[in-house]
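Here the structure is laid out as structure tokens; the discussion comes afterwards.
The values are calculated or read from the model by the stated rules, or taken from the named source; none is laboratory data. Here the structure is a predicted model, which means the values were calculated and not measured. Heads up, the Cβs are rebuilt from the backbone with ideal geometry, glycines too, and the neighbour counts pull from every protein chain shown. Only protein heavy atoms, including side chains, enter the accessible area calculation; ligands, DNA and RNA are left aside. Shrake-Rupley method; radii C 1.70, N 1.55, O 1.52, S 1.80 Å.
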Amino acid sequence: MIKAPDVTLLYVIFAFVVSYALLKRFLFVPLGAILELREQEEQVAARLHAESVRELERTVAEAEARLALARREALKERETLRAEGLARFEQKLGVARTGATSSVEAASREIADQVGKAAAELPEKARALAVELAEKILGRKLAA
């Protein structure tokens, strides 16, 4: 005898279809929308990040170029100032050498004059000392 199909199987199938429809409507579709939104936001954020990185690299390159230019200008300025300082130093050194040379020449002339005077006075003083020594040794005045 053939037994009639059990109605509970139909109830389970009906409950499954209703549960699936409810879960799809209130869980799967909204959750899928949220995940798609997050994926889109992630793509936008990745694109913004890539643009920011490119902008940062461009800005850094520009800053490095400006820094290199400023460094070159500073080196030129330093070399210019160094050359000016060296020129001033050489000029003052030349003036000092000229002054020192003239002072040495004046001192040399003065020494030469004093040597000439001393050389002229030396024989006369030597005679005077010799006479004085002879008078002391003899104990009397010499008739010159």
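A compact table of results
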item	result
Fraction of accessible area attributable to carbon and sulfur, the chain (%, probe 1.4 Å)	65
For region 42-99, projected area of the alpha-carbon convex hull averaged over all directions, nm²	4.0
Cα-centre dipole for region 52-143 with unit charges at Cβ (Lys and Arg positive, Asp and Glu negative), debye to 20	320
q = 0.18, 0.21, 0.24, 0.30 Å⁻¹: log10 I(q)/I(0) that the Debye formula gives for region 8-69, counting C-alpha atoms only	-0.77, -0.85, -0.92, -1.06
Area of residue 29 that stays accessible when all protein chains are in place (1.4 Å probe, Å², to 10)	90
Exposure rank, largest accessible area first [34, 137; 1.4 Å]	137, 34
Range of Cα positions in the chain per principal axis (Å), largest first	193, 36, 22
With all protein chains modelled, accessible area of residue 122 [1.4 Å, Å²]	110
Where 82, 25 fall by accessible area, highest first, once all protein chains stay in place (1.4 Å)	25, 82
Ellipticity estimate at 222 nm from DSSP helix runs (n ≥ 4, -39,500 (n - 2.57)) divided over the chain, nearest 500	-33500 deg cm²/dmol
1.4 Å probe accessible area per residue over the chain, in Å²	93
Helix 7-23 vs. the chain, principal-axis angle (Cα, 0 to 90°, nearest 10)	30
